[in-house]
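One structure is given here, and the rest of the page talks about it.
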Amino acid sequence: MARMDFEVVVLAGGTSRKLNPLVSQEVPKALLPVANRAVLSYVLELLEASNLKDLIVVVEGEDAALRIGGWISGAYVDRLHVEVAAVPEGVGTAGALRAVASYLTANDVLIVSGDLVTDVPPGAVAATHRRHSAVVTALLCPAPVSGPSDTGTSGGKEKAKKPVRCNIVGLDPTRQYLLHMATGAEVEKDIRVQKSILRAVGQIEIRADLMDAHMYAFKRSVLQDILDQKDKFHSIRQDILPYLIRTQLNSEVSDNGGIKSESGMDNMSSQNDLRWLSQHRAIAPSAFQEPHAFSLKLLPDARRTHKCCAYIAGESKYCARLNSIQAYSDINRDVVGEASHLSGYSFSAQNNIIHPSAELGTKTTVGPQCMLAEGSKLGDKCSVKRSVIGRHCRIGSNVKIVNSTVMNHVTIEDGCSIQGSVVCSNVQLQERVVLKDCQVGAGYVVTTGSEHKSESLARK
Amino acid sequence: MDMRRPPRTVSDPKVRQVGFVTPSPAPPTRSLSDAPTTVAAAAAASASSPPSGEISLPGSSLSPVMIPPPRHASSDGRPSAPVAVPNPASSLRRDSLRIRVGSYNASEVVLGTPPSASPSSRTDNATSEFSEETMSPWHGRSGTAKVASSFPGSSGEMIVMKTSVGGGGGAGSTPKSPLTTASVVKTLPGISEKERDVLMGTQNDGAGVSKTLKEKTTKAERRALQEAQRAAKAAAKEAGAGVKPSAASGSAVVANTKQGKVVKPPSQKKDGPQIAPPSGSSEKKVVDRPPEKDRKKDVPAPRMQFDDKHRVEKAKRRAVVNQFEAKNRVELFRHLPQYIHGTQLPDLEGKFFQLDPMHPSVYKVGLQYLSGQISGSNARCIAMLLAFREAIRDYSTPPEKALVRDLTAKISSYVSFLIECRPLSISMGNTIKFLKNRIAKLPDTMSESEAKSSLQSDIDRFINEKIVIADKVIIRHAVTKIRDGDVLLTYGLSSVVEMILVYAHEVGKQFRVVIVDSRPKLEGQVLLHRLVAKGLNCTYTHINAISYIMHEVTRVFLGAASVLSNGTVHSRVGTACVAMVANAFRVPVLICCEAYKFHERVQLDSICSNELGDPDVISKVSGRQDLNHLDNWADNENLQLLNLSYDATPSDYVSMIITDYGMLPPSSVPVIVREYRRENLWI
């Protein structure tokens, strides 16, 4: 039996267009290094720490699936039991689920996005889900503050603005139920709240500072029904979740669906026998048990409702999704900085990580919240601040690297200055290159003396 | 006298646990005087003297206290004249230790027997013998080497003992039970009298006394020996071998002198959790033996006292749920668990996948208890049963294990998890007892799948018969008490009362409902909402207005979490107040309660057994953000908030209890508990 009757699906995505030029055929999004570990490893290790060792990883694209599968089997052999499923590109998250839905058997399914970097225990979401017998439970976390945090040094202060508006979320006064969710383009539009929901709850709290972290717990039977019946649905976030929220007081899934007939829910049938007891609130829970059970009046048939719940992560938890280039730099910085417990490395007294095999020239300084992976060499008089440098990089003298991410096997020649940029693997920066807020795609060669600002450089 | 005594003895242990004992006339002394034994005479005098002289304590309370002293006496080893008996058991003497044990036993016998004896007093000699015999094999099973060794010696004695007992029984009509008890008691008191000083000072002396004691031993005494050995072991564990005797003696002495402390020594002895249950149960068994059928009703292990730091620490280490104890606790309620609210749930949720042995449905119910989503004893009980049902369905016996044992252990672990989430209600305790009993009774020949399905159908039947149908019956009964024009008052939210009101409305009775509510839960609003939606004529008020509104009321219907065998009603806090006011206004108070919630426990107050709610909720007033004077109250050491969950309504205020067996006066509760439980309730 699946642990606690939960199965886990990790949606690892494929090669996201948003992350060009960082991702490529060789490096699908799930394998992007964050603090020199593939981003997917953060999710996998989070799940492993929660004792969830049977996973299904869904990847878009055969190539990417092969690569990710190979990487997982190398890195997690004997630790996790992972099945990798490949789906065609562009089917969306709902499509990806559709592909694996028939393999799911447990009562509930935990769906995690592969680009999530967090320390929120998945068990908390699952437990909330279970406790409420909800149809779906979403993890909401405080929206990340984009741009370098306040403690950051020079660069990019202007970017440290308001939190990004990711979602508009409507919650009931106890903040347990999800009553409204606007995502994507809808965020900019007017908010339309259903009257029936508002009437049932009495009060609705609209929050713009919460982000949907893409960790969901679904009731499997409902999820499968929706996937079957609504073949137009493309994405969990934009289609399935809003649909469930919209119809929670007029459910089309929870009662006519297969719930009762499914195995594992004998409970329900025995509860039918107990219908006489339906006045016990807990036995036949109405949608909202809050002090005034308004919903009872509105909904004589409580069975036509289902519950959409939210688990709101505490302020102290770190939670971010790698879904943009900005997010990539932010997460890299946070993982060696404020959320350093996520990285799994132990930091030196200087609050940085320098691999013993890395070589530093004279008068070279590596500041706090930096990371220098194995085999990298720095020349003389270099300065590295709040940056991550990958494996086997060769860096000349008089190089300044600030607020940047440098991946593996990068050659940086003398006199370069890199600020707020992402330099992918196998890039060559020739002498005296100045980069500011740039992204350099894999294998690109930046010629001597060139200066770039806010550009995306990649091989055509 | 006999009639009076048995109930008291039964009730005593429970009351004692709590530490609240209302002094009652001392029966032991009386019994002593009654006992006409030859041996007794001198001893009796001595026995009677200590209680009267030293302690004003009620005799009933004394019995627990007395236990330790006998041991001292025996350990002292001074042969007491009254005790002296031809002693065949030389083997016993060999070890000083053993001897001590023996003496200990004697003392214990006193302890164990008086209560046991008194109930048994009704029964004849045969029963007592029988009980003893049964006892001995039992001991042998559990037994340590020591016990075993002592047995052969004692076996010879046994016969002697029996005969002596018989003689004793013959002597008096009441006598019999008193006899055995008397001898025991006498040994103790005699010792104490002669060498009270000795007792106080040294207790480790020779075992001469003990030997003599042994010689006398009746079956009861032998039993006592076994118990004593066990207790001695426990003590040894507790205080190291060398220190043991002194410590024990010390405690005993203390016990003699002070009642308050008297209560404690036994608990200390029981420190080790494993040790405690057996000793407790053995004592119980002694009590229960005569009525064999009742034996299953083993007295529950002593409740955890949360002011006992040592044990709390221990429990914490075992606990699944991280519990942070609240700081400012009201002194009188220290013995109840209270945790900082809001820390448990997130912690437990975070561990969702990490708790291995827990079945998901049990976990879910635990979370729901913890978050308050399920409340009300019927709902909690049903939710628990359904969870167990699922757990049983998914259960498979591991290889090399027996279903009966393994499943019982599983259920126990589930129960302890649920207790961590929220203390059990009495009804749940009864239910669990039922389930475990069913498991234990499964025939060995039954296959696993059969056993599982039989258990599942048992659970279904329990829910159906004991709750669902019971509710229906209660409603039928209750409706006959509703007349047109009545004004019915109810308090809080009781599912049965709600169903009664709705049903009465449906059958066309014309009545009005007054719903009394109280902060902080305001459960009455839910009831109000539902009743109004169904078209009932309602009045809603808070409990502060109870004396005003009671004028117009003609009946009071109340629910109950439990009804105890002295007729006390254990229910949502505030119920007692409502019942009392109703009583003052001569309004009949009808308690609606399913019989599965009845419990043989006797409770006189709501202090010893209760539940503490979240203190924060009483400091906050919803909708009044400006009333924040009590914010951060936890930082103020001088302030303690008390949010009690239950109270005890004395039976004086209860006119009638409506149950599935009919409508009874509160004084009939013990009958239901005794008769129906045995024959019917446990199916």
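The values are calculated or read from the model by the stated rules, or taken from the named source; none is laboratory data. This structure is a prediction, so every number in the text was calculated from the model and none was measured. Please note: Cβ atoms are built from the backbone with ideal geometry, for glycine as well, and neighbour counts cover all protein chains shown.
Side notes on the structure shown:
- Extreme residue, nearest to the other protein chains (Cβ to nearest Cβ), among residues of the range B:494-530 that are under 13 Å from B:GLY376 (Cβ atoms) and among the β-branched types (Val, Ile, Thr): B:VAL526
Okay, residues lined up against (1) surrounded by 24 or more Cβ atoms within 10 Å (Cβ to Cβ); (2) modelled with pLDDT of 90 or more; (3) farther than 25 Å from A:VAL336 by Cα; (4) outside the structural domain of A:ASN20 (by the TED database):
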position	(1), (2), (3), (4)
A:ILE401	yes, yes, no, yes
A:ASN408	no, no, no, yes
A:SER417	no, yes, no, yes
A:ASN426	no, no, no, yes
A:VAL434	no, yes, no, yes
A:CYS438	no, no, no, yes
A:TYR444	no, no, yes, yes
A:SER450	no, no, yes, yes
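- Selection count where residues are at pLDDT below 90, more than 20 Å from B:LEU664 (Cα to Cα) and away from chain A (no Cβ under 11 Å), scope the range B:462-488: 1
- Test result for B:ASN430, crowded, with 19+ Cβ neighbours inside 10 Å and in contact (Cβ under 8 Å) with a residue 40 or more places away in the chain: yes
- Looking across the range A:2-43, the residues that are within 14 Å of chain B (Cβ to nearest Cβ), of a type outside the set (Val, Ile, Thr) and in contact with a helix residue (DSSP H, G or I) (Cβ under 9 Å, 6 or more places away or on another chain) come down to A:ARG3, A:MET4, A:ASP5, A:PHE6, A:GLU7.
- Considering the conditions (1) modelled with pLDDT under 90; (2) surrounded by 22 or more Cβ atoms within 10 Å (Cβ to Cβ); (3) over 24 Å from B:ILE467 (Cβ atoms), B:ARG601 is excluded by exactly one of them, (3).
- Of all residues in the range B:417-427, those satisfying the criterion of being out of contact with any helix residue (DSSP H, G or I) (no Cβ under 7 Å at 6 or more places or on another chain) and in contact (Cβ under 8 Å) with a residue 12 or more places away in the chain are B:GLU420, B:PRO423.
- Taking the range B:365-447 as the region of interest, the helices (runs of 4 or more DSSP H) fully inside it that hold 3 or more residues being away from chain A (no Cβ under 14 Å) are B:403-421, B:426-440.
- Helices (runs of 4 or more DSSP H) lying entirely in the range B:497-597 (those with 2 or more residues that are in contact with a strand residue (DSSP E or B) (Cβ under 9 Å, 6 or more places away or on another chain), surrounded by fewer than 16 Cβ atoms within 10 Å (Cβ to Cβ) and hydroxyl-bearing (Ser, Thr, Tyr)): none
- Residue that is nearest to the other protein chains (Cβ to nearest Cβ) [pool: residues in the range A:131-144 that are touching a strand residue (DSSP E or B) at 6+ places or on another chain (Cβ under 7 Å) and outside any strand (DSSP E or B)]: A:HIS132
- Residues that are over 29 Å from A:TYR318 (Cβ atoms) and of a type in the set (S, T, N, Q), drawn from the range A:197-252: A:GLN203, A:SER221, A:GLN224, A:GLN229, A:THR247, A:GLN248, A:ASN250, A:SER251
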